[in-house]
């Protein structure tokens, strides 16, 4: 019988300090997350310097808790996996430094993980039958990618945002209508009280690339609508704005994904990233997949936001492939998917 492989996954790319112990790439023994949302809420968004300092305060504690929760000693761990990009450079450096120190001190292999690869890998946690190849829509505050997952750790990007990521647009629109930070969950909740057909916001199409996304025009349309109402002295129904905006985003994300699945011949679609927990996106994608005979996978909300478990899962498959990094591993804030 093959020996179990235990991976300690560390994530600190933005404003969550997280660590997890993962067994054999699919079983989560612990998943500890220290969130900074309350800390950054007063500023209306993540302040990189504050995030970095809080990671320094929390990183050792979170890693110790993850090992304790998993009832695992450091000597039992087979490799240390850590996010090294993309993300905020100061935040990434904290996780990378901690991972290198632990790997060096415990004489364990070091495996650098791409943050987006981690989000894709979150789908493997609860869907034991999910295996590549499949089509994955990655939607977060910093990324909107439509990718073919060819194999574990092997991707072909067929569509990406030309400007704002979907999550970024959610945050900006939420700020514009006075909902505050974090915008995505607040718009999602408020949209349930509004009419998604109340306001005809645009759905952008890119002429030279049918699977690329653009959300800056939609964001500008919302701002123009709000300014127009203000100049005319008309009342704004925030719930209708939220619902109509969310519907416009979801329509584009779903239509691109379904069209790509048909063209490339995939019968399985996955969602990944923080916005994958959006109820409107889940419902819209479920309906479209059902109508088109496609199977849909998405992680539970706790695995959609940044977490150490997804890094541990991705790290397991990289470790199995022989990926190893040296003590010169550095943070790469603009790391591209598929780049090593």
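FYI, it's all coordinate maths here, none of it is from the lab. These numbers come from a predicted model, not from an experiment. Cβ: placed from backbone, ideal geometry, glycine included. Neighbour counts: every protein chain shown.
Miscellaneous remarks
- Calculated on alpha-carbon atoms, Rg and Dmax of the range 25-84 in Å: 14.2, 42
- Annotation: peptides 165-175, 313-323, ranked by per-residue average of other Cβ atoms within 10 Å with the highest first, follow the order 165-175, 313-323.
- Cα extents of the range 68-143 along the three principal axes, largest first (Å): 39, 32, 22
- Taken over the alpha carbons of the range 128-242 as equal point scatterers, the Debye sum produces base-10 log I(q)/I(0) values at 0.09, 0.12, 0.21 Å⁻¹ of -0.31, -0.53, -1.15.
- Alpha-carbon Debye profile of the range 1-158, log10 I(q)/I(0) at 0.13, 0.19, 0.20 Å⁻¹: -0.64, -1.26, -1.34
- The alpha-carbon atoms of the chain, seen along their principal axes, cover 67, 46, 32 angstrom, with the largest extent given first.
- Helix 166-176 and the longest principal axis of the Cα set of the chain meet at an angle near 50°.
- Remark: relative contact order (the chain) = 25 percent; criterion is Cα-Cα distance under 8 angstrom and separation of 6 or more residues.
- Angle in degrees between helix 308-321 and the longest Cα principal axis of the chain, rounded to the nearest 10: 60
- For the pair the range 29-63 / the range 197-269, the C-alpha centres are spaced 31 Å from each other.
- Label-to-label distance for residue 175 and residue 41 is 1.8 nm, based on points extended 7 Å past Cα in the beta-carbon direction.
- GNM top mover of 112, 280, 312 - the chain, alpha-carbon springs below 10 Å: 280
- Nearest-0.05 FRET efficiency for residue 89 and residue 251, computed from C-beta distance (R0 45 Å): 0.80
- Just checking the listed ones, 207, 99, 260: in the Gaussian network model of the chain with Cα springs under 10 Å, the one fluctuating most is 207.
- Extension reserve of the residue 339-residue 207 stretch, reckoned as 0.36 nm per residue once the Cα distance is removed: 44.8 nm
- R0 of 51 Å, Cβ-Cβ distance residue 163-residue 75: FRET efficiency to nearest 0.05: 0.60
- Helix axis angle, 89-106 relative to the chain longest principal axis, alpha carbon, degrees: 20
- Distance (nanometres) between label positions extended 7 Å along Cα→Cβ at residue 193 and residue 267: 4.4
- Calculated FRET value between residue 126 and residue 228, using beta carbons and R₀ = 45 Å, to 0.05: 0.50
- Here the peptides 86-95, 23-32 are ranked by packing, the mean other Cβ count within 10 Å, and the order with the highest first is 86-95, 23-32.
- Percent RCO, i.e. relative contact order, over the range 132-298, from Cα pairs under 8 Å lying at least 6 residues apart: 26
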